[in-house]
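Structure first, commentary second.
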Amino acid sequence: MTFNQEIFYLSLVLFSFLSILFVIFGYLIFTKTRENKNLAKIEQYKEQYQLPLFYYLKEGKPIREIDELDSLQRVAFIELLASFSKTFDGKEIHHQIQLFAKDHFTSFLRSQLFHRRWSYRMNALYWMEEFRMNHMQSSLIHFLTNTKKLSKGEEIQALKTLILSGNSTVMKRLCSSRNELSEFEYSMLFQLLNDNQFNEFITAYKDLPEVMKFALIDSIGVRRETNFVHFLEELTSHEQKGNPNTVTKGTGFYRALCRSVETDCFSGVPFMGRTFNGN
């Protein structure tokens, strides 16, 4: 191959590479411009629908165009509804918000839940939690079970929404999580459990993985579950008998729990880390 041919082929490769970069750059600019336009439209729609939605929630005045919305208008309505949910107090108005979301946005949120884009799926999960979409539990379970690439954030948010919905399969879902959850993440979820759900985990304590055991004990202290003091006493006594040189994390949280109810339960037991054996 001659020098001129080498220069020609090198130039051709360079030109192809630059062309690809130019196409990618153009696509990114187009996408960003479109997203900015969509965001601007959503803000305009929110201004347009703010008063009609307010009067509907306060006075029950119907919104005629609600069933003829395009996707951007639906997003605007949902964002307004979520904003009102955070702004207004009172069970009655929150009940109205939940009914409105259930009646008009269930199908839309379900479609967003299975969208190919991660951000759309996360938004759907947050809105389902905000509006207490308890009737969508089957969709959440399907999402947790069948989503091919389920991120940790998606799984935690879906589990959180299931817990708040009072779902009876929460224990099964937590014990078979598809992502490896940390002690902190389990503890955060345990703190949301209702009494029946929490008691189910207490009953199954000995069969739980270690990380869930530590998180459950942590949650007892954070929730100030004084009715489990005897459970912690037995747990700590059992651990000390099994290995006098090892004190589990439960001791520390048991003492924290005792302080929360102003009792001196374990004055003779030092606070340790998760496990301490003198090394």
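Observations, loosely collected:
- Length-normalised contact order of the stretch 128-190 in % [C-alpha pairs under 8 Å, at least 6 apart]: 39 percent
- Estimated vicinal HN-Hα couplings, Hz - the stretch 205-218 in sequence order (Karplus 6.51, -1.76, 1.60; Gly, Pro = x): 3, 5, 9, 7, x, 4, 4, 6, 4, 4, 5, 5, 5, 4
- For LYS152, the lysines whose Cα falls under 19 Å of its own Cα, not counting residues fewer than eight places away in the same chain, are LYS160, LYS172.
- Here the alpha carbons of the stretch 6-129 define both size measures, Rg and Dmax, at 21.4, 78 Å.
- Rounded to the nearest angstrom and listed largest first, the equivalent-ellipsoid semi-axes of the stretch 118-161 from its Cα gyration tensor are 15, 12, 8.
Read the figures in this text as sums done on the coordinates, not as results from a lab. Just so it is clear, the structure is predicted and the values come from calculations on it, not from any experiment.
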